[in-house]
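Presented below is the structure to which this report refers.
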Amino acid sequence: MAEKPIIVYFRNDLRLGDHPALSAAVASGRPVLPLFIADDNAPGPWRRGGASRWWLHHSLAALGADLEQSGTPLTIRRGDTAQEIVRVAHDVGADTVHMSRCYEPWSRQLEHSLKDQLSADGITLNRFAGHLLSEPDLIATKTGGPYKVYTPFWRQMSTLAIRRPVPAPCKIRPTLNVPDGPTLDELDLRPKKPDWAHSFRPIWQPGERSARHRLNAFLESDIARYHERRDRPDLPATSLLSPHLAFGEISPAHCWHAAQMHAARNPAGANGAEVFMKELAWREFSYHLLFHFEDLPTQPYRPEFQHFPWAEDGAESVVTAWQRGQTGYPIVDAGMRQLWTTGWMHNRVRMITASFLIKDLLIPWQRGEAWFWDTLVDADLASNAASWQWVAGSGADAAPYFRIFNPVTQGRKFDPDGAYIRRYVPELSSLPTKHIHAPWLAPAEVLAASGIRLGVTYPVPIVEHAGARARALAAYATLKAN
DNA sequence: TTTTGAGTTGTTCGA
DNA sequence: GTCGAACAACTCAAA
């Protein structure tokens, strides 16, 4: 008599290690059925973007291979989540479904309706933690409310005992006689024509194994000086773990404990490790905000920003210039082109490009948020929304209104040799460092010697920063008036 | 209840 | 060239 299998429904938790939902299923001793459902239940604008779909394809391939090695294939389905789970459960006689909790508003809705629909069919749904260091509803101020400022949130979080990672199961009992579903290729997640992802391949290797290599490499080298160098886009200084975390190929708890252990063993590198852990806590804080303010991705957290006087004229052409890295400000263009060609942008440059769109161009932050959502391989609803609002000043714990990045100053400070610009804006590569952050100020003969014709080979700045800054300050001043 | 201290990431200007 | 102050006022969190 066959035992009833347990379905493990995978979403943004594409790993075997530190996967409580999977481990609990394996520990039951029953057969397991790992299941992925291609079902974009996210509302329109939040469908997975192109870059994320590319990543998802390769991540699923890696997960499938790892599962095979542990003794079971990954089953794929397409369609409505609840219907497909019920169908698969009936096909194989499963009465239990395990899944990791997700925190996007639509995912929370799905989990609730799923629980009801499944229980109507006599199927139990068990949800497990795993995507975060702690559950967003477990952290609260003394009065029981959500935190709205990062520092006190961090103070409390850093005192919590973070869940210990559970090891990957060595052997998974497969479920037999599972009807065929679509293959991974049939999900059609990769770009066809044009195949823009060719420039992603040399940089990124999706999958759990690669995520762990990335973390270990980071611990061995760059974490020790992370606190000093993490703002330098020209240096290999950051962990590059963001897409792996976004798809759950590695758990934040795993990263947290690894960093903590590293700090304990290498006191010299403890500062870097702590700053890295604080970055993990920023991710956590973003989820905390999203959990308590579901409209965070679309509505300004501070309501007075509903009335912000955004620019109307010529908005489309400047947005296009920004997206294509044709603003005439080299550090901005380098960042936007890094995003376009690699699906990722350095954190410091994300702030610079975001500040430019919002404050120099006076374009609503939601436009930038949508573009990042479509083009980032690490697109994450909570981090993306919280960060764009933070730059706009409309969010929790927001930047003061007068904090307007000067793209030239920022470039000189954080890309002092211009190496980052030269990498992503090759038409400027011959320009001497002295002029590389502001080519329009370079003498004509220097431009000529560098093969640059402003307005032809590289754009003249689409706005004049000093004037744009004054305009932004005036726009922000209107918020105070009422 | 009221008070107090603090709040990721900046720029500019004038001494 | 360097350095400190100004740039608002407000909200948050805890005592």
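Would you list the helices (runs of 4 or more DSSP H) that sit entirely within the range A:380-436 and hold 1 or more residues that are away from DNA strand B (no atom under 11 Å from the Cβ) and hydroxyl-bearing (Ser, Thr, Tyr)? Full working, then the answer.
On the way: elements: A:381-392, A:407-414, A:419-424, A:433-436.
Answer list for the range A:380-436: A:419-424, A:433-436.
Quick one: which residue in A:275, A:318, A:332 is over 21 Å from the mean Cα position of the chain (by Cα), part of a helix (DSSP H, G or I) and closer than 28 Å to residue A:404 by Cβ? Working first, answer last.
On the way: A:275 fails: over 21 Å from the mean Cα position of the chain (by Cα); A:332 fails: over 21 Å from the mean Cα position of the chain (by Cα).
Step by step, each of A:275, A:318, A:332 is checked, and only A:318 is over 21 Å from the mean Cα position of the chain (by Cα), part of a helix (DSSP H, G or I) and closer than 28 Å to residue A:404 by Cβ.
Filter the range A:362-379 down to the residues that are more than 17 Å from residue A:297 (Cβ to Cβ) and either within 16 Å of DNA strand C (Cβ to nearest atom) or surrounded by 24 or more Cβ atoms within 10 Å (Cβ to Cβ) (or both) and list them by number.
Within the range A:362-379, just A:377 meets the criteria.
Check whether at least one residue in the range A:365-379 is touching a helix residue (DSSP H, G or I) at 6+ places or on another chain (Cβ under 7 Å) and within 13 Å of DNA strand B (Cβ to nearest atom), and report yes or no.
Of all residues in the range A:365-379, those touching a helix residue (DSSP H, G or I) at 6+ places or on another chain (Cβ under 7 Å) come to A:365, A:367-379.
Narrowing further to those that are within 13 Å of DNA strand B (Cβ to nearest atom): none.
No, the range A:365-379 has no match at all.
Are any residues in the range A:380-397 within 12 Å of DNA strand C (Cβ to nearest atom) and out of contact with any Lys or Arg (no Cβ under 7 Å at 6 or more places or on another chain), and if so, which ones?
Passing the criteria: A:393, A:395.
Condition test on residue A:287, is it assigned to a helix (DSSP H, G or I) and touching a residue at least 12 places away in the same chain (Cβ under 8 Å)? Please lay out each step first, then the result.
On the way: assigned to a helix (DSSP H, G or I): yes; touching a residue at least 12 places away in the same chain (Cβ under 8 Å): yes.
Yes; evaluated as a whole, the condition is true for this residue.
Step by step: first the residues of the range A:194-219, then only those that are closer than 27 Å to residue A:414 by Cα and among the aromatic types (Phe, Trp, Tyr), then the one that is surrounded by the most Cβ atoms within 10 Å (Cβ to Cβ). Which residue is that?
Once the filter is applied, the top-ranked residue is A:218.
Considering only the range A:10-21, how many residues are over 17 Å from residue A:207 (Cα atoms) and surrounded by 24 or more Cβ atoms within 10 Å (Cβ to Cβ)?
Of the residues in the range A:10-21, the ones over 17 Å from residue A:207 (Cα atoms) are A:20-21.
Narrowing the set further to residues that are surrounded by 24 or more Cβ atoms within 10 Å (Cβ to Cβ) leaves none.
Within the range A:10-21, residues that are over 17 Å from residue A:207 (Cα atoms) and surrounded by 24 or more Cβ atoms within 10 Å (Cβ to Cβ) number 0.
Between a first residue in the range A:97-111 that is closer than 11 Å to residue A:9 by Cα and a second residue that is of a type in the set (Asp, Glu), which pairs have beta carbons less than 9 Å apart while being 6 or more apart in sequence or on different chains?
A:99/A:13; A:99/A:111; A:100/A:13; A:101/A:111; A:101/A:135
Six or more apart or on different chains, Cβ under 7 Å: which pairs go from a residue in the range A:224-252 that's at positive phi to one that's buried (at least 18 other Cβ atoms within 10 Å of the Cβ) and modelled with pLDDT under 95? Could you list them?
none
Consider the range A:113-169. How many of its residues are more than 16 Å from DNA strand C (Cβ to nearest atom) and in contact (Cβ under 8 Å) with a residue 60 or more places away in the chain?
The qualifying residues number 16.
From the residues in the range A:437-482 that are in a loop (DSSP other than H, G, I, E, B), more than 16 Å from DNA strand C (Cβ to nearest atom) and among the aliphatic types (A, V, I, L, M), which one is farthest from residue A:330 (Cα to Cα)? Full working, then the answer.
If we filter the range A:437-482 for residues that are in a loop (DSSP other than H, G, I, E, B), which is where we start, we get A:437-438, A:442-443, A:450-453, A:455-457, A:459-464, A:482.
In the following step, the residues that additionally are more than 16 Å from DNA strand C (Cβ to nearest atom) were identified as A:442-443, A:450-453, A:455-457, A:459-464.
Okay, now just the ones that are also among the aliphatic types (A, V, I, L, M), so A:442, A:452, A:456, A:460, A:462-463.
Details: A:442: 13, A:452: 13, A:456: 15, A:460: 10, A:462: 12, A:463: 13 Å.
By that ranking, first place goes to A:456.
Checking the conditions here, which among A:91, A:40 is surrounded by fewer than 16 Cβ atoms within 10 Å (Cβ to Cβ), among the acidic types (Asp, Glu) and at pLDDT below 95?
On the way: A:91 fails: at pLDDT below 95.
Every option except A:40 fails the conditions.
Which one of A:340, A:344 is more than 11 Å from DNA strand B (Cβ to nearest atom) and either of a type in the set (A, V, I, L, M) or assigned to a helix (DSSP H, G or I) (or both)? Walk me through it before giving the result.
Values: A:344 fails: either of a type in the set (A, V, I, L, M) or assigned to a helix (DSSP H, G or I) (or both).
Checking each option against the conditions leaves just A:340.
Only one of A:462, A:452 is closer than 30 Å to residue A:308 by Cα and at pLDDT 95 or above. Can you tell me which? Spell out the reasoning first.
Numbers: A:452 fails: closer than 30 Å to residue A:308 by Cα.
After applying the criteria, what remains is A:462.
Being charged (D, E, K, R) and crowded, with 20+ Cβ neighbours inside 10 Å narrows it down to one of A:222, A:188, so name that one.
Numbers: A:188 fails: crowded, with 20+ Cβ neighbours inside 10 Å.
Answer to the selection: A:222.
In the range A:140-161, how many are surrounded by 19 or more Cβ atoms within 10 Å (Cβ to Cβ) and in a loop (DSSP other than H, G, I, E, B)?
To start, the set of residues in the range A:140-161 that are surrounded by 19 or more Cβ atoms within 10 Å (Cβ to Cβ) comprises A:147, A:150, A:153, A:157.
If we keep only those that are in a loop (DSSP other than H, G, I, E, B) too, we end up with A:147.
Looking only at that region, the number is 1.
Within the range A:278-315, work out how many residues are under 14 Å from the mean Cα position of the chain (by Cα), more than 16 Å from DNA strand C (Cβ to nearest atom) and closer than 23 Å to residue A:238 by Cβ.
Count: 3.
Checking the structure you have, find out if any residue of the range A:142-153 is within 15 Å of DNA strand B (Cβ to nearest atom), within 21 Å of the chain's Cα centre (by Cα), closer than 23 Å to residue A:301 by Cα and hydroxyl-bearing (Ser, Thr, Tyr).
Yes, because at least one residue in the range A:142-153 is within 15 Å of DNA strand B (Cβ to nearest atom), within 21 Å of the chain's Cα centre (by Cα), closer than 23 Å to residue A:301 by Cα and hydroxyl-bearing (Ser, Thr, Tyr).
Among the listed residues A:420, A:401, identify the single one that is buried (at least 21 other Cβ atoms within 10 Å of the Cβ) and touching a residue at least 12 places away in the same chain (Cβ under 8 Å).
Exactly one residue qualifies, and that residue is A:420.
Among residues belonging to the range A:250-272 that are among the small types (Gly, Ala, Ser) and within 30 Å of residue A:11 (Cα to Cα), point out the one that is nearest to the chain's Cα centre (by Cα). Quick ask: steps written out before the conclusion?
Step one: filter the range A:250-272 for residues among the small types (Gly, Ala, Ser), giving A:251, A:253, A:258-259, A:263-264, A:268-270, A:272.
Those still in the list that are within 30 Å of residue A:11 (Cα to Cα) too: A:251, A:253, A:258-259.
Details: A:251: 14, A:253: 17, A:258: 21, A:259: 20 Å.
Top of the filtered list is A:251.
Cβ-Cβ under 8 Å, sequence separation 6+ or interchain: first residue in the range A:457-482 and over 16 Å from residue A:363 (Cβ atoms) and among the hydrophobic types (A, V, I, L, M, F, W, C), partner modelled with pLDDT of 90 or more and surrounded by 18 or more Cβ atoms within 10 Å (Cβ to Cβ). Which pairs?
Note: pairs meeting the criteria are A:460/A:328; A:473/A:404; A:479/A:305; A:479/A:308.
The values are calculated or read from the model by the stated rules, or taken from the named source; none is laboratory data. Just so we're clear, the structure is a prediction, and the values are computed from it rather than from any experiment. Methodologically, a virtual Cβ is constructed for each residue, glycine included, from the backbone with ideal geometry; neighbour enumeration extends over all protein chains shown.
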